[in-house]
Ligand code: NAD
């Protein structure tokens with residue numbers, strides 16, 4: 001079935017499991033191989049808190065429109081919760097739950113003292129003026145005040161949000177409590193306490209993981225490696241840029257409207273400049289225009305899905321040519337596609353490892369905000385690299401030891417850390 005979404009975008013509907021179903025299937029698969037207490041297994045399957053809000057926003061024409069949003073805290077076992085805020089028409093409580101659970105595993109995997117959270121508002125931000133977006137963000141932030149805080153739950157950007165939204169949230173929170181609280185959000189602009197390197201961090205971490213995977217496969221000639229990137233937002237565009245800067249041949253990129261393919265490699269700075277000027281990839285000269293589906297099955301060595309969940313499915317997985325998939329997005333591969341790709345011998349560097357660069361530099365930003373002492377970019381990149389390479393090594397070790405795929409291994413490392421913390425803390429009361 002084909003459905004038409006807002007703005008005439010069309011999507012093919014197939015029986016893709018919901019994001020939360022995927023998250024739970026992955027969890028069950030990992031815990032089935034682990035020796036952890038049944039009570040802990042059951043406890044960690046559930047989101048700890050779910051907060052739903054419905055709130056009014058005044059449109060520029062004076063009318064009032066109601067919007068719905070969520071904030072889910074999956075686990076506070078290892079510390080305050082951390083996770084992005086998404087503005088998208090696909091936002092559902094199910095999706096936010098899944099993303100919150102993945103944040104718990106991601107933070108534990110890179111050993112940050114956080115639990116997982118996620119938020120979302122059901123809105124297409126492209127349909128809002130700047131003023132409407134500000135009013136929506138401030139009102140959503142005001143609704144979240146009971147559940148967020150610098151020692152409680154620290155939001156960050158995700159799909160459809162960025163530094164500007166974080167600045168509005170920081171200001172709204174600060175005005176409410178009566179003093180500036182930079183550590184209430186991460187991913188802020190630099191001049192109000194953001195961190196050097198935060199904007200690029202997720203894409204940079206994706207490429208650190210890609211290089212680590214290739215190095216372990218014995219590949220040393222970057223120029224011979226063809227890379228395709230789905231999604232050209234914060235994660236995808238920076239991943240494409242770092243791949244290009246490291247001499248990889250980036251043959252394909254895409255956004256929601258479709259993508260570009262050039263077997264000889266795209267000039268990524270030119271594509272970024274075109275995107276900035278036109279807010280779409282359509283019309284860029286020097287490449288063939290392809291669909292997102294064609295990008296996924298295009299001729300490439302490395303595929304980086306960096307748009308959204310549920311993109312690599314049972315339907316397209318058998319046609320994927322890449323031998324390495326590095327997940328920039330959260331949950332881009334369904335469990336059925338996972339099985340097919342594993343069977344085909346494709347290595348998948350899972351989301352909770354591959355895109356952990358964002359939350360890692362968010363952690364650096366939070367620490368810098370709490371201390372009012374700021375690092376230079378070289379320090380951020382050095383510490384980010386150390387953490388990503390260490391986590392990659394721990395996952396690779398688990399793969400060897402348990403003879404499992406990288407996703408299961410990554411979840412096992414992460415879940416063990418959370419379960420150990422739960423055991424030592426005990427159950428309240
Ligand atoms: P973004 O809004 O900046 O970019 C999203 C990109 O995906 C855009 O280019 C958009 O056009 C494209 N897109 C949206 N729907 C699509 C579709 N149906 N098909 C193809 N392309 C589509 O978002 P982002 O921050 O880059 O996040 C992308 C993914 O990475 C999400 O899964 C997010 O949860 C994950 N992620 C983001 C961060 C971060 O720091 N921003 C960190 C970790 C994970």
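None of the figures in this text is laboratory data; all of them are computed from the coordinates on show. Everything quoted here is computed from the prediction, not taken from an experiment. Because the Cβ atoms are built from the backbone with ideal geometry, glycine has one as well, and the counts that use them run over all protein chains shown.
Estimated at 0.36 nm per residue, the fully extended path between residue 427 and residue 403 surpasses their Cα-Cα distance by 5.4 nm.
Each residue of the stretch 288-347 gets 72 Å³ once the volume of the Cα convex hull is shared out per residue.
Per-peptide packing, taken as the mean over residues of other Cβ atoms within 10 Å, places 223-229, 241-247 in the sequence 223-229, 241-247 from highest down.
Each part reduced to its alpha carbon centroid, the stretch 62-102 and the stretch 193-267 end up 27 Å apart. Remark on the stretch 214-293: Rg and Dmax equal 12.3, 40 Å (Cα only).
Using the Cα gyration tensor of the stretch 296-419, with a ≥ b ≥ c the square roots of its eigenvalues, what is the shape: rounded (a/c below 1.5), prolate (a/b larger than b/c) or oblate (neither)? Taking the square roots of the gyration eigenvalues as a ≥ b ≥ c, the stretch 296-419 is prolate. Working ranking of peptides 198-204, 122-128, 414-420 by packing, defined as the average number of other Cβ atoms within 10 Å per residue, highest first, is 198-204, 414-420, 122-128. I want to verify a result. In a Gaussian network model of the chain, Cα cutoff 10 Å, which of these has the top mean-square fluctuation: 193, 310, 62? For the chain, modelled as a Gaussian network with Cα springs under 10 Å, the answer is 62. Working value for the stretch 201-354: equivalent-ellipsoid semi-axes of 22, 17, 14 Å, each the square root of 5 times a Cα gyration tensor eigenvalue, largest first. For the stretch 87-152, the average shadow cast by the Cα convex hull is 5.3 nm², which is a quarter of the hull's surface. If R0 is taken as 51 Å, the Cβ-Cβ distance between residue 142 and residue 343 corresponds to a FRET efficiency of 0.55.
Comparing mean-square fluctuations of 329, 277, 239 from a GNM of the chain with C-alpha springs under 10 Å, the top value falls on 277. Which residues does a label at residue 39 reach in the stretch 402-429, if reach means a backbone N under 19 Å from a point 7 Å past the Cα toward the Cβ? It comes to 416-429, nothing else. Binning the alpha carbon pair distances of the chain at 20 angstrom intervals from zero yields the distribution 27, 61, 12, 0, expressed in whole percent. Scaling against 2.2 N^0.38 Å puts the C-alpha radius of gyration of the stretch 1-150 at 1.19.
Rg then Dmax, both in Å and based on the Cα atoms of the stretch 98-252: 18.0, 56.
Dividing the helix sum by the residues of the chain, where each DSSP H run of 4 or more adds -39500 (n - 2.57), gives a mean residue ellipticity at 222 nm of -14000 deg cm²/dmol. At 1.306 mPa s and 10 °C, plugging the Kirkwood radius over alpha-carbon pairs of the stretch 116-172 into Stokes-Einstein gives what diffusion coefficient in µm²/s? Rounded, D is 135 µm²/s. What is the list of residues in the stretch 80-96 whose amide nitrogen lies under 16 Å from a point 7 angstrom out from the Cα of residue 52, following Cα to Cβ? Within reach of a label on residue 52, which here means backbone N under 16 Å from a point 7 Å along Cα→Cβ, the stretch 80-96 contributes 91-96.
Computed from label points 7 Å out along Cα-Cβ, the spacing between residue 180 and residue 257 is 3.8 nm. If you run the Gaussian network model on the chain, springs between alpha carbon atoms under 10 Å, then out of 275, 210, 166 the most flexible one is 275. Once the Cβ-Cβ distance of residue 273 and residue 215 is raised to the sixth power relative to R0 = 30 Å, the FRET efficiency obtained is 0.45.
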